[in-house]
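Throughout, read-outs are computed from the coordinates displayed, never taken from laboratory work. Fair warning: this is a prediction, and the values are worked out from it, not measured in the lab. Note: ideal-geometry Cβ built from the backbone for every residue, glycine included; neighbour counts use all protein chains shown.
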Amino acid sequence: MDAATPPPARPPRAEDGPAGRWRIARACVLQVAREAQGATVDAVSAALARTHLRPAPERTSSADPGATGESLWVWERGDIVSEALLDNTGLSLFTTRIGPFSLKAVVVVTARVEGETCRVIVSMVVGSQLADEISREVDAAIDGLVANGTRIEGPGWMRVADLPRDTLAHPKTAREHGIRA
């Protein structure tokens, strides 16, 4: 890339978007070229792994991605025992001292081909406590893709409730499909 070539596009960072000032569940909507879908999903997956999320294929067993025309990946962190012991008993303050290793989170990643582009959504359907950490890693993944020449457009970060209802990344649709309890 020379000085006359503008850098590839990039949506605003999480803190620059409407959901960035509050610790609320967030979603990031990205538009990439169809051929960049795999690299984008891989980069986002690596970012989610850095936040100690793990793939949760059992959460997709009742979902029907074909109904929405999307590919679906679900990631999770935490478990019911730690949720009950730390969050529901008021001991969540304890996690501020030792780190949020046990906080519960469920993140849905969807990809849908739309003509020559692909819409990739990263959505926190459970786990607003981890919004800053997850957003920071996904933003780093986007930066890496842009640095490698991938053009990424789209609205970027928003409140998860503002997603279109026709995607499995929307919290109500995720609940209807058994992705989140």
From the Cα trace of the range 129-181, what convex hull volume per residue do you get, rounded to a whole Å³? 103
ALA56-ARG151 FRET efficiency (beta carbon distance; Förster radius 22 Å; 0.05 resolution): 0.10
If you take the charge dipole of the range 125-181 about its Cα centre, with +1 on Lys and Arg Cβ and -1 on Asp and Glu Cβ, which of THR167, ILE142, GLY127 is farthest toward its positive end? THR167
Report the full-extension gain for the segment LYS172 to GLU114: residue separation times 0.36 nm, less the Cα-Cα distance, to one decimal in nm. 18.6 nm
What ranking do 163-173, 47-57 get when scored by the average of other Cβ atoms within 10 Å per residue, highest first? 163-173, 47-57
Could you compute Rg(Cα) / (2.2 N^0.38 Å) for the range 102-162, with N its residue count? 1.22
Sites matching GluC sites (Glu not before Pro) across the range 99-181 that sit in DSSP coil, with at most 16 neighbouring C-beta atoms within 10 Å: GLU116
